[in-house]
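The values are calculated or read from the model by the stated rules, or taken from the named source; none is laboratory data. All values reported here derive from a predicted model rather than from experimental measurement. FYI the Cβ positions are ideal-geometry reconstructions off the backbone, even for glycines, and counts take in every protein chain you see. Side chains are part of the model used for accessible areas, which takes the heavy atoms of the whole protein and leaves out ligands, DNA and RNA. Shrake-Rupley method; radii C 1.70, N 1.55, O 1.52, S 1.80 Å.
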Amino acid sequence: MGHVTDPKQIPMSPVRKTIVNALPATIEQLAAAVYGARSNAPEHEYDTIRTTICRLRKILRPYGWTIDNAKTGGWGQKTYRLMRLP
């Protein structure tokens, strides 16, 4: 597969594409991007987003990308971001 210059071009489901397109973002921002104001969002929407991110990492890795989460800001909030693998 090899490295790609734009991870947004990697084939993936619409939900996964929504997450990739929203990065960099916090878990709250990602949940809002995926679920918006839907009343039928999963009860544990943040856990669902985290699981999707875990699966996305497996999809992105062969293309030379990953999703990193670094604590930023004074409250130690995690921000997820796309990163190239070395």
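General remarks:
- Answer residue from the range 22-60, given it is open to solvent by 80 Å² or more (accessible area, probe 1.4 Å) and either small (Gly, Ala, Ser) or within 16 Å of residue 83 (Cβ to Cβ) (or both) and is modelled with the lowest pLDDT among those: 39
- Applying the criterion of being aliphatic (A, V, I, L, M) and assigned to a loop (DSSP other than H, G, I, E, B) to the residues of the range 1-21, the residue that is surrounded by the fewest Cβ atoms within 10 Å (Cβ to Cβ) is 1.
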